[in-house]
Amino acid sequence: MAWTLDDFDYPLPQELIAQAPLARRTDSRLLRVSPQLADLHFSDLPSLLAPGDLLVFNDTRVIHARLFGTKDTGGQVEVMIERPLGPHEALAQIRASKSPKPGTRLRLEDALDVEVLGRAGEFFHLRFPDGDDLIALLERHGRLPLPPYIERAAGDTDESRYQTVYARNPGSVAAPTAGLHFDEALLARLAEHGVNTAYVTLNVGAGTFQPVRVHDLSEHKMHTEAYFVPQATVDAIAATKAAGKRVVCVGTTSMRALESAARSGNLVAGEAESDLFILPGYQFQVADALVTNFHLPKSTLLMLVSALAGVDVIRRAYAHAVAARYRFFSYGDAMFLTRDSA
């Protein structure tokens with residue numbers, strides 16, 4: 001079937017877009033989508049899992065990727081790091097009245113002198129000062145980036161709540177938000193229930209918020225993101241499958257990492273780049289179920305969950321979530337989906 005952008009649209013009242021986290025991570029609601037819709041709380045998640053099931057988390061950590069400053073001509077700029085390229089260089093988005101040319105010097109946060117080396121597609125290639133590692137410089141001088149639909153600046157609460165409790169590998173400019181619902185107490189309950197855990201790392205880029213700009217989705221080119229799948233995770237998945245249990249991805253980023261690493265037909269450990277675009281009709285290699293937040297209309301993530309659970313199933317689930325006043329997007333509520341709503 002030829003899918004178009006309009007196939008993945010839905011009406012969303014603006015007031016349902018969550019602007020801040022709830023008091024506790026597990027206070028979020030959880031919509032169980034299959035085998036039928038059920039309104040739960042996120043703390044009910046253990047009841048949806050069986051001993052021996054495997055939860056796969058993305059352990060990436062959000063960096064202070066947003067910086068403000070001026071060009072050497074005096075013009076104002078806003079820089080959003082897309083991804084580090086080693087200890088002193090990065091790809092970035094730049095907002096300015098005029099795009100800076102190669103050789104332009106930027107003074108960021110009144111502390112960092114940065115050179116524009118050139119362009120790499122839609123991004124700018126930047127060189128940061130020698131000395132401290134780029135991540136350390138960003139942590140010291142940059143600002144935590146919040147998604148564009150959160151209409152406020154990041155505050156002190158976001159420094160902890162826009163990170164998962166298990167975040168350890170810095171490199172993302174957006175949180176793997178399905179993981180924001182887990183706290184240490186819930187992880188302990190899951191372990192006591194016999195649920196196993198494993199980790200991948202996928203560094204989420206700012207491209208995740210870029211709108212799809214083509215109507216015919218066969219023409220869409222997915223942005224790339226770096227990922228790493230450890231051998232221990234490959235082994236844990238093999239053992240889970242052999243025991244007849246489920247691999248449950250926590251978030252679309254975990255799913256994209258695993259499915260990208262299995263494109264050859266076998267799940268392979270290692271580090272690579274993912275440009276995997278998952279549309280309905282895609283044959284999943286690894287994932288049996290998914291914990292995820294609600295996604296933007298016409299987004300590639302909405303297409304991904306529709307591929308997993310079924311287009312009509314997702315349409316009904318989203319209509320129910322809107323009617324039941326669920327909270328949407330990064331700081332919003334969650335869903336539990338199984339493959340083909342089985």
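None of the figures in this text is laboratory data; all of them are computed from the coordinates on show. Here the structure is a predicted model, which is why all the values come from computation and not from measurement. Here the Cβ is made from the backbone with ideal geometry for all residues, glycine too, and neighbour counts use every protein chain on show.
Computed extension length for THR4-ARG189: 62.4 nm, one decimal, from 0.36 nm per residue of separation with the Cα-Cα distance subtracted.
Straight-line reach only, C-alpha to C-alpha below 20 angstrom: list the aspartates and glutamates that LYS71 could link to, leaving out same-chain residues fewer than 8 apart. Straight-distance partners of LYS71: GLU82, GLU89, GLU109, ASP110, ASP113, GLU115, GLU122, ASP130. Rounded, prolate or oblate, given the Cα gyration tensor of segment 138-237, with a/c below 1.5 counting as rounded? Verdict is oblate for segment 138-237. Mind running the shape call on the chain? Use the C-alpha gyration tensor, a ≥ b ≥ c as the square roots of the eigenvalues: rounded below 1.5 for a/c, prolate if a/b tops b/c, oblate otherwise. Note, shape of the chain comes out prolate.
Looking at the square roots a ≥ b ≥ c of the eigenvalues of the Cα gyration tensor of segment 66-141, which shape do they give, rounded for a/c under 1.5, prolate if a/b is larger than b/c, or oblate? Oblate, since a/c reaches 1.5 and b/c is not below a/b.
Helix 252-261 against the longest principal axis of the chain: what's the angle in degrees, Cα atoms only, rounded to the nearest 10? So the inclination is approximately 90 degrees. Annotation: aspartates and glutamates with alpha-carbon distance below 16 angstrom to LYS245 (same-chain offsets under eight excluded): ASP53, ASP235, ASP288. By the count of neighbouring beta-carbon atoms within 10 Å, fewest first, MET80, MET303, MET222, MET1 end up ordered MET1, MET222, MET80, MET303. For the pair ALA50 and LEU16, the difference between a 0.36 nm per residue extended length and the Cα-Cα distance amounts to 9.0 nm.
Exposure proxy ranking for ARG152, ARG29, based on other Cβ atoms within 10 angstrom of each Cβ and starting from the fewest, stands as ARG152, ARG29. If you take the Cα centroid of segment 197-213 and the Cα centroid of segment 78-130, the two points sit 21 Å apart. Here the relative contact order of segment 155-238, from alpha carbon pairs under 8 Å that lie six or more residues apart, stands at 28 percent. Across the chain, C-alpha contacts under 8 Å between residues 6 or more apart give a mean separation that, scaled by the residue count, equals a relative contact order of 25 percent. Please give every one of the lysines within straight-line cross-link reach of LYS298, meaning a C-alpha to C-alpha distance under 17 Å, and leave out same-chain neighbours fewer than 8 residues apart. Excluding near neighbours in sequence, the set is LYS221.
Please check which bits of segment 45-75 a label hung off ALA111 would reach, taking the label as a point 7 Å along Cα-to-C-beta and the cut-off as backbone N under 19 Å. It comes to 62-71, nothing else.
Computed over neighbours whose Cβ is under 12 Å from that of PRO51, the net charge equals 0, Lys and Arg +1, Asp and Glu -1.
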